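The structure appears right after this line, and notes come after that.
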Number of protein chains: 2
Amino acid sequence: MAQKVRIALDAMGGDFGPSVVVPGAGISLTRHPDTEFILFGDSAAINRQLDKHPAMKAVSRVVHTDVAITMEEKPSQALRRGRKTSSMWLALDAVRKGEADVAVSAGNTGALMAMSRFNLRMLPGIDRPAIACVWPTIRSESVVLDVGASIGADARHLASLAIMGSAMARVLFDIERPTVGLLNIGVEEVKGVEEVKEAAELLRSMDLPELEFIGFVEGDGIGKGAADVIVTEGFSGNIALKTAEGTARQIAEYLRSAMSRTWRSKIGYLFAKSAFKALRDKMDPRKVNGGVFLGLNGVVIKSHGGTDAEGFASAVDVGYEMVRYDLLTKINQTFNRDGGSLTRMPTAQEAVS
Amino acid sequence: MAQKVRIALDAMGGDFGPSVVVPGAGISLTRHPDTEFILFGDSAAINRQLDKHPAMKAVSRVVHTDVAITMEEKPSQALRRGRKTSSMWLALDAVRKGEADVAVSAGNTGALMAMSRFNLRMLPGIDRPAIACVWPTIRSESVVLDVGASIGADARHLASLAIMGSAMARVLFDIERPTVGLLNIGVEEVKGVEEVKEAAELLRSMDLPELEFIGFVEGDGIGKGAADVIVTEGFSGNIALKTAEGTARQIAEYLRSAMSRTWRSKIGYLFAKSAFKALRDKMDPRKVNGGVFLGLNGVVIKSHGGTDAEGFASAVDVGYEMVRYDLLTKINQTFNRDGGSLTRMPTAQEAVS
């Protein structure tokens, strides 16, 4: 049997700490028994939880620390206060030292990103990290990135995002050559930003065997599943993600109020209860919990801070799959072979000036 | 009684031309009898429709032209081919010449924007146009701009958007001092783009009597109705709008398939039919049809090209209200009094360099 997947957990991350992290990891363990954990944080609190989850206890090692990063700390503060000592840092450090294959944290996103960059460093050829998420679509699911790690992107960074995103899609969706679309707008006279048009040319000219570039996708194409991978810079990607979440909540609210309007609609609700449950499951944000930090020399998964055990389990699942199906190897393959053309190739702007 | 609102219609715009434009305007006329129309386009086709709608015929004048801009034409092409001759241009020209108070077109957005700028010119103090839309929220409705007229924005342009958007909110929602939020992201270390942070400082320091600046709003705040006016530059605004539309369609699709899964859910659907109808009405994109071009020396309304008469009527309604409640006067008030501080004030970057 293959080696176990070793997962480092920031047990103090998120709104609920070990009381969500331990049972959450326990749920994931039932789905992937070939996992073992190192938990970083307050050992008393962690052990209390492990005592309630013997299966977890059997595959876990606890490393105590008193320092935990709060959700309010600024990244710079967190680095100053928590470097080398906090549960978040230690989980990342386990990945750097090769003691774990992936780190999962439900903590402060900005702090986790700053510590990840500082500790793990970037992969050669990539200058800035990205956060990728799994986006449910009418067809199935897509990888969308960057949803907020860094603002703005030149053509080469967008091409790197395409390469990393398609590696992630190959891991998650088990497809040989994922389709990739660049998020763009179709309204403005010039039809989009210069960098995005340049990135399209770059991806076309690279013609990579690992991805099929299909051109531009507008915002409404994401939910349609227009491409397996949707690429954009972090500002608009974050706006898109949050806006979709807001719209989903808004419609759920409309639906709730519509179904409780009259006695007829209430009866209808009772009859269709299982259908509504299926719908709720389909829209359950916990199922797609787990943002993947890409571009780092190591795999880091960010869980929502406010999620429950079920949601945290999804984030651990994502971490497991990234390791089991060799995300980093897949990314490096492309960069080692074709990354040169990303750094050598001048952008259109440079070529002109 | 007040003067009639005079509306110039590009009768050839959109996928269906006069067969949607005339009955659509007719529906709006029943809601606002103090309206009259000038219709530009193929007079034979227009008159055939007017014969079917005598109430419209009684308040309409037809100006014939053979030239119509297609949905596929690039803005530059459209300008070359259709300047001074096309139904779109002539409708805008009627506004410029003071023969109409507002132009409504369901035609090609890029062409309409290019012709509007070329013909009507910008308001003094505003250098680029914006498209504003009405966004349904859990609370009620908000104005969101820019949803795609121009890409990127410095702090001063964002402040202009805030002023124009709140003028529009005062017209539509009948509130004295609308709340205004700047769309931003909360993930990245520096929490958003430099220009957006500068715009926040600028709006705070201007402390305008016409709007209440409430700070940053994330993507999921739009649907919550976090502010009456949401301001962002055109790329992310367009992505947000299209993504929300896509998500709404996706959930409607989920709901349809959930309700037809079992005989129980089908019975439930029958009982709750009126509730589903209410939900459909609430999510009906035709009700919020009508993008407002802001920043021009005249009012221009863009209807979706593929809409039906009901949808086109909403766009005409928006045009009517913008004129009746003096959008341009409201915008100019602020700019004439405080616009100076937008042009005089150096941006933080300039102040430093």
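Taken together, the values in this text are just the output of simple stated rules run on the coordinates, not laboratory data. Predicted model only: the values in this text are computed from it and were never measured. No Cβ is skipped: glycine too gets one built from the backbone with ideal geometry, and neighbour counts run over all protein chains shown.
Observations
- Take each residue in A:218-226, count the other chain C-beta atoms within 10 Å of its C-beta, and the mean is 6.
- Distant-in-sequence amide contacts of B:Phe213, defined by a placed amide H-H separation under 5 Å and a gap of 5 or more residues or a different chain, comprise B:Val180.
- If you take the Cα centroid of the stretch B:115-142 and the Cα centroid of the stretch A:59-78, the two points sit 46 Å apart.
- Modelled spin-label separation between A:Gln333 and A:His53, with each label point placed 7 Å from Cα along the Cα-to-Cβ direction: 3.3 nm.
- Length-normalised contact order for the stretch A:76-196 - Cα pairs under 8 Å, 6+ apart - percent: 15
- Per-copy distances of the B:Phe118 label point, shortest first, in nm (7 angstrom along Cα→Cβ): 5.6
- Residue-span extension gain [A:Arg121 to A:Arg139] - 0.36 nm each, minus C-alpha spacing: 2.9 nm
- DSSP bridge pairs, the stretch A:127-293: antiparallel proportion in percent, nearest 5: 40
- For peptide B:258-268, the mean count of partner chain Cβ atoms within 10 Å of a residue's Cβ comes to 6.
- Which listed pairs, of B:Lys52/B:Lys273; A:Lys97/A:Lys197; A:Lys302/A:Lys330; A:Lys282/B:Lys197; A:Lys266/B:Lys302, have C-alpha distances above 30 Å, in listed order: B:Lys52/B:Lys273; A:Lys97/A:Lys197; A:Lys282/B:Lys197; A:Lys266/B:Lys302
- Charge dipole (debye, nearest 20) of the stretch A:1-142; +1 at Cβ of Lys and Arg, -1 at Cβ of Asp and Glu: 280
- Long-range amide H partners of A:Asp101 with built H, under 5 Å: A:Arg6, A:Ile7, A:Ala8
- Whole-Å distance, taken between Cα centres, linking the stretch B:205-263 and the stretch B:1-56: 32
- Eligible aspartates and glutamates near A:Lys287 by straight Cα distance, threshold 13 Å, same-chain separation 8 or greater: A:Glu141, A:Asp308, A:Glu310, A:Asp317
- Candidates B:Leu90, B:Leu172, B:Leu112, ranked by Gaussian network fluctuation over chain B, Cα under 10 Å, top entry: B:Leu172
- Environment charge of B:Glu198, counting only residues whose C-beta is closer than 9 Å and scoring Lys/Arg +1, Asp/Glu -1: -2
- Axial C-alpha extent at least 15 Å, average Kyte-Doolittle at least -1.0 - helices from chain B (DSSP): B:18-31, B:109-120, B:155-173, B:194-206, B:234-259, B:309-324, B:327-344
- For B:Arg177, inter-copy separations between label points set 7 Å beyond Cα along the Cβ vector come to 6.1 nm, shortest first.
- Shape call, chain A: gyration tensor on alpha carbons, a/c limit 1.5: oblate
- For the stretch B:127-293, the spread of Cα positions along the three principal axes, ordered from largest to smallest, is 61, 37, 24 Å.
- Rounded to 5, percent antiparallel among DSSP beta bridges of the stretch B:28-155: 50
- Inter-chain Cβ neighbour average for residues A:278-286, partner chain, 10 Å: 3
- Around the Cα centre of the protein assembly as shown, unit charges on the Cβ atoms of Lys, Arg, Asp and Glu (plus for the first two, minus for the last two) sum to a dipole of about 1780 debye.
- A helix-only calculation puts chain B at -16000 deg cm²/dmol for mean residue ellipticity at 222 nm, using -39500 (n - 2.57) for each DSSP H run of at least four residues, averaged over all residues.
- Derived scalar couplings ³J(HN,Hα) [the stretch B:128-143; Karplus, 6.51 cos²θ - 1.76 cosθ + 1.60; whole Hz; x for Gly, Pro]: 9, x, 9, 10, 10, 10, 9, 10, x, 10, 4, 6, 5, 9, 10, 8
- Electrostatic tally near A:Pro178: other residues with Cβ closer than 12 Å to its Cβ, Lys and Arg +1, Asp and Glu -1, net -3.
- A simple spin-label model places the labels of B:Arg83 and B:Ile175 4.2 nm from each other, with each point 7 Å out along Cα-to-Cβ.
- Reciprocal of mean inverse Cα separation for the stretch A:151-246 (Kirkwood radius, Å): 13.4
- Within straight-line reach of B:Lys84, meaning a Cα separation under 14 Å, sit the following aspartates and glutamates at least 8 residues removed in sequence or on another chain: B:Asp10, B:Asp66, B:Asp93.
- DSSP bridge orientation in the protein assembly as shown - percent antiparallel, rounded to nearest 5: 30
- Cα-based shape type of the protein assembly as shown, given that a ≥ b ≥ c are square roots of the gyration tensor eigenvalues and the cut on a/c is 1.5: prolate
- For chain A, with +1 on Lys and Arg beta carbons and -1 on Asp and Glu, the positive-most of A:Ala167, A:Gly311, A:Gly110 along the dipole: A:Gly311
- Cβ crowding within 10 Å, taken as a proxy for footprinting-reagent exposure, orders A:Phe276, A:Phe312 from fewest neighbours to most as A:Phe276, A:Phe312.
- Residues A:Ile175, B:Ile38, A:Ile151, A:Ile138 arranged by fewest to most Cβ contacts within 10 Å: A:Ile175, A:Ile138, B:Ile38, A:Ile151
- Across the identical copies, the label point of B:Ala2 (7 Å from Cα in the Cβ direction) is separated from its matches by 7.0 nm, in order from shortest.
- The residues A:Tyr325, B:Tyr269, when put in order of fewest to most other Cβ atoms within 10 Å, stand as A:Tyr325, B:Tyr269.
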